[in-house]
Amino acid sequence: MREILFDTETTGVFPEHEDPKQRDRIVEIGCVEVINLERTGREFHAYFNPERDVPEEVVRVHGLRLEFLRNHRRFAEAAEELLDFIADSPLVAHNAAFDQGFLNAELRRCGRDILGNGRFVDTLAIARKRFPGASCSLDALAKRFQLDRYGFDLAARKGAGGHGALIDSRILAEVYLHLKGGREQRLAFDAGEAASESAAAQRSIEFVRRQPRPTPLAPRGTDEERAAHEAFVQKLGPNALWLKVS
């Protein structure tokens, strides 16, 4: 099953502000393709010119300033490429309502059809159901599942500008795999398979003695072949094996 894990970075939290000049925009999107819960290596990543200022308190989160963003495409200019990548696959996000709201606001601005609720899977809801009462932020889940073992620099996310849409999507893909039990199932299968092979290797080998035929097979050699064989055996001397078994 193909799914798209995605994350957005924005200028704020109000994509539908009543004042058009105050409406927040997407400044970065990262998408990661997974098939059967495993990353395939296919990704979509883009920065966008928000056509408005980026508040300093938001810059401290993702590190993206307008001076950098104004040199990139507007969302409308990349919408077709993004939609081609996600196609009709389910869209998985952490706190999906937030990203869904921003994505649909951008699609609406450029005259595209919005994406319905049925397209989105919320990993935050899945995590809260699995770990009631515990912190279920993406950082908390990454720490819970020890994603630093898989090469993710979790410490870097704590600093200024430590969040990025693509790296967060990659982390989310690994978290999603754990939440769905995929890696645990794979490890359980591997452990069971290894245990089975180990038990088979330690099992003693039993040799089963064949029962003699009730009626010996008739000899198939000719008289000449039998005479030649007897002459050959005589040349082997008194210790010839053939003399002991004949």
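Read-outs throughout are calculated quantities, based only on the coordinates presented, and are distinct from any laboratory measurement. Source: prediction; values computed, not measured. Glycine also receives a Cβ, built like all others from the backbone with ideal geometry; neighbour counts cover every protein chain displayed.
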- [ ] Take the eigenvalues of the Cα gyration tensor for the range 2-182, scale each by 5, and report the square roots as semi-axes in whole Å, largest first.
- [x] 26, 19, 15
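Multiplying the sequence separation of LEU83 and GLU56 by 0.36 nm and subtracting their Cα-Cα distance, what value in nm do you get? Write down the numbers at each step before the final one.
Working: separation 27, 0.36 × 27 = 9.72 nm, distance 3.05 nm.
Stretched out fully, the LEU83 to GLU56 stretch lengthens by 6.7 nm.
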Open item on the list: Can you tell me, using C-alpha contacts under 8 Å and at least 6 residues apart, the relative contact order of the range 2-182 as a whole percent?
Closed with: 28 percent
Open item on the list: Within the range 2-182, count lysine pairs with alpha carbon atoms under 27 angstrom apart where the residues are 8 or more positions apart or belong to different chains.
Closed with: 6
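Order of THR222, THR8 from fewest to most other C-beta atoms within 10 Å?
Going from sparsest to densest Cβ surroundings: THR222, THR8.
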Task: Sorted by Cβ neighbour density within 10 Å, fewest at the top, the residues THR123, THR10, THR40 - done: THR40, THR123, THR10
Task: the range 16-84: projected area of the alpha-carbon convex hull, averaged over directions, in nm² - done: 6.2 nm²
Task: Debye intensity ratio I(q)/I(0), log10, the range 85-191, q values 0.10, 0.13, 0.24 Å⁻¹ (C-alpha model) - done: -0.34, -0.57, -1.37
Open item on the list: With just the Cα atoms defining each centre, how far is the range 21-42 from the range 129-150? Give it in Å.
Closed with: 20 Å
Task: Net dipole in debye of the range 2-182 [+1 Lys, Arg Cβ; -1 Asp, Glu Cβ; about Cα centre; nearest 20] - done: 520 debye
Open item on the list: Expected output is a single nm value to one decimal: the length gained when fully extending between PHE232 and ILE114, i.e. 0.36 nm times separation in residues minus the C-alpha distance. What is it?
Closed with: 33.2 nm
Task: All-pairs alpha carbon distance profile, the range 90-152, 5 Å steps from 0, percent - done: 4, 16, 21, 18, 16, 11, 8, 5, 1
Task: Contour excess over end-to-end distance, with Cα ends at ALA155 and LEU243 and 0.36 nm allotted per residue - done: 23.5 nm
Open item on the list: Give me ILE114, ILE171 sorted ascending by neighbouring Cβ count inside 10 Å, so fewest comes first.
Closed with: ILE114, ILE171
